[in-house]
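First up is the structure itself, then whatever we jot down about it.
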Amino acid sequence: MIYASDLDRTLIYSPGALSIPEDSPGLVPAEVIDGKTASYISQHALELLKELAAKIIFMPVTTRTVAQYRRINLFQETVIPDYAITSNGGNILVNGVVDQEWRASIGRLVERGSAPAEEAGRLVRSVVRTEWIISERYCDGLFYTFVVHRDLLPMDEITRMAEQLNGWGWKVSLQGRKLYVVPEAVNKSDAILHVRRTVDSGPMVASGDSLLDKSLLASADYAIAPCHGEIFAEQQAGLVKLAYPFTKQAGVFAGDEIMEYVQRVYNNLAALGVGPQ
């Protein structure tokens with residue numbers, strides 16, 4: 001069995017995303033930068049993850065860059081995955097090393113299927129004013145991340161911009177203060193399918209919270225999402241009808257319910273003789 005999961009706001013949580021005070025009991029630092037905790041995981045979720053990771057293939061799947069992923073102490077020291085997907089699917093790490101063949105193939109697909117990055121960036125900047133942008137990054141030579149003053153954004157204009165970019169082969173996702181602008185070829189599901197073909201490890205469970213995770217969840221045999229984030233907001237607004245369950249808790253302790261769900265799936269498959277593999 002494979003368990004493929006988004007990280008931020010799914011398994012690990014920045015102090016601002018916890019939904020509880022930072023000094024609450026039951027939290028474990030997941031990422032420490034210059035002596036300061038940048039993200040947490042719940043103790044219970046971590047215990048279940050450690051137990052499961054010894055039996056199955058656990059694969060982090062994140063929009064973080066390679067460098068941002070590598071700074072998460074949890075996955076460098078405590079639970080060390082054989083495979084990790086970063087850069088929203090643009091990079092696959094095998095035992096911590098970038099798969100250069102995969103990266104080159106993604107580069108070719110982006111070049112064929114999407115407008116040049118410079119054009120996409122210009123369109124975003126023509127809609128999102130300079131004073132609304134806190135920072136801008138072109139990540140791993142693949143996609144844009146804009147940190148913005150979200151409350152200042154004119155959402156109707158952002159929606160129209162997203163529709164135009166979609167026609168150019170780019171996808172837009174607004175997660176908290178981060179506006180992601182990503183080529184269609186850079187997606188989590190294609191990277192996941194590539195790894196699944198490589199490892200041939202039976203059924204897959206997935207979890208994630210954002211629109212960039214929808215393809216990840218759709219490619220899985222079993223899926224769950226937290227009751228916060230873009231996917232949950234779409235469900236609540238009646239924009240989509242999704243077959244997979246949502247957690248009852250929002251914030252960091254949604255991770256407990258997610259890991260309990262993965263544990264149940266594993267146990268059920270094992271009882272049926274399908275897992276572990």
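The values are calculated or read from the model by the stated rules, or taken from the named source; none is laboratory data. Source: prediction; values computed, not measured. No Cβ is skipped: glycine too gets one built from the backbone with ideal geometry, and neighbour counts run over all protein chains shown. Note: accessible area is taken over every heavy atom of the protein model, side chains too, but ligands, DNA and RNA are not part of it. Shrake-Rupley method; radii C 1.70, N 1.55, O 1.52, S 1.80 Å.
Taking all protein chains as shown and a probe of 1.4 angstrom, Lys55 keeps an accessible surface of around 80 Å². For the chain, lysine pairs separated by 8 or more sequence positions, or belonging to different chains, with Cα-Cα distances below 19 Å total 6. Per atom type, the chain shows carbon and sulfur on 50% of its accessible surface, probed at 1.4 Å. Using only alpha carbons, the stretch 89-189 has a radius of gyration to Kirkwood radius ratio (Rg to Rh) of 1.00. Shown here are the Rg and Dmax of the Cα trace of the stretch 145-230, at 15.0, 47 Å. The heavy atoms of Cys227 offer some 20 square angstrom of accessible surface to a 1.4 angstrom probe.
A cut-off of 5 Å between modelled amide H atoms, ignoring neighbours fewer than 5 places along the same chain, links Gln175 with Tyr180. Based on Cα contacts under 8 Å between residues 6+ apart, the stretch 144-268 shows a relative contact order of 17 percent.
Here the Karplus relation 6.51 cos²θ - 1.76 cosθ + 1.60, evaluated at θ = phi - 60°, turns the backbone of the stretch 171-188 into coupling constants of 10, 10, 9, 10, 10, x, 8, 9, 9, 9, 10, 10, x, 4, 5, 8, 9, 6 Hz, with x for every Gly and Pro.
Working note: Karplus 6.51/-1.76/1.60 with θ = phi - 60° gives the stretch 153-167 the couplings 6, x, 5, 4, 5, 4, 4, 5, 4, 4, 5, 5, 5, 4, x Hz, where Gly and Pro are set to x.
Taking amide H as placed 1.01 Å from N in the peptide plane, the amide H of Tyr83 sits under 5 Å from that of Asn95, each at least 5 places away or on another chain.
In the context of the full protein assembly, His149 retains an accessible surface of approximately 80 Å², using a probe radius of 1.4 Å and ignoring ligands and nucleic acids.
Among Leu179, Leu239, the order of accessible area from largest down is Leu239, Leu179, computed with a 1.4 Å probe on protein heavy atoms. The sum of -39500 (n - 2.57) across all DSSP H runs of n ≥ 4, divided by the residue count of the chain, sets its helix-only mean residue ellipticity at 222 nm to -10500 deg cm²/dmol.
Of Asp151, Asp99, Asp82, Asp156, the residue with the largest accessible area leads and the full order is Asp151, Asp156, Asp82, Asp99 (1.4 Å probe).
Highest mean packing comes first when the peptides 26-38, 246-258 are listed by Cβ atoms within 10 Å, giving 246-258, 26-38. The amide H of Arg64, built 1.01 Å from its N in the peptide plane, has Ser87, Asn88 as neighbours under 5 Å, considering only residues 5 or more places off or on other chains.
In order along the stretch 102-108, phi translates into HN-Hα couplings of 5, 4, 5, 5, 5, x, 5 Hz, rounded to whole numbers, per the Karplus curve 6.51 cos²θ - 1.76 cosθ + 1.60 with θ = phi - 60° and x for Gly and Pro. For the chain, the solvent-accessible area works out to 46 Å² per residue, with a probe of 1.4 Å and every protein chain left in place.
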